[in-house]
Amino acid sequence: MGKNRIIPTDGRIIWSGVFMVSLFFLAAGCQSPPPDENSEDTAARLKRLETRVATLELSNDVYNERNKKFERFMEESERRHSELLVRMSKLHENSQGNAPATGTAPAADSTGTVTLPAPDTGKKAPAADRARYHLVQKSDTIYSISRQYDLEPAALKKMNNLTEDVIVPGQKLRVK
């Protein structure tokens, strides 16, 4: 009773089983469906998206290159600006007959104001008569600077020969 019985099979039973399984898959529709309108729309949308991505990548490369050029330009501008401040300081000191400049630019105080003494005319001018300058910061406007020094914006523009309200960081504006 406890013995396993082995049933002999021949190839016909196996082939009929394979045939039945194949028939089942064919009947169940395991074939790939024919392309429809949606798949064509999807392919067209995919192509448009690929084109947009390629365009954006190219734009990003152009932007990065322009940004690098701009950064180099700004570094060069800052270097030249510093050199000009040193030269202006030397010229100013030489015009007064003072000792040669030390090679440093005049320092600005915490408000960005640079004070240069008036040219030496033999008489000592009171400190109140000295010209005062404001070193333009990134957030400065003609209006904010004029308010800071109790000036009218038009007077500040006239004092500095400005025709527009355009100022740039690092620019020196006379405020007195």
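Computed from the coordinates by the stated procedures, all read-outs in this text should not be read as laboratory data. The structure presented is a predicted model; accordingly, all values stated were derived computationally and were not measured. Virtual Cβ from ideal backbone geometry, glycine too; neighbours counted across all protein chains shown.
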When the chain is fully extended, how far beyond the present Cα-Cα distance does E152 get from A54, taking 0.36 nm per residue of separation? 30.0 nm
Give me the number: length gained by fully extending R79 to E93, i.e. 0.36 nm times residue separation minus the C-alpha to C-alpha distance, one decimal in nm. 2.9 nm
With a 24 Å threshold on alpha-carbon distance, the violating pairs from K69/K157; K90/K176; K68/K138; K90/K158 are K69/K157; K90/K158
How much net charge surrounds K69 when only other residues with a Cβ under 12 Å from its Cβ are counted (Lys, Arg +1; Asp, Glu -1)? -1
In sequence order, calculated HN-Hα J values of the range 142-153 (Karplus, 6.51, -1.76, 1.60; Hz; x Gly/Pro): 4, 5, 5, 5, 4, 5, 5, 10, 6, 10, 7, x
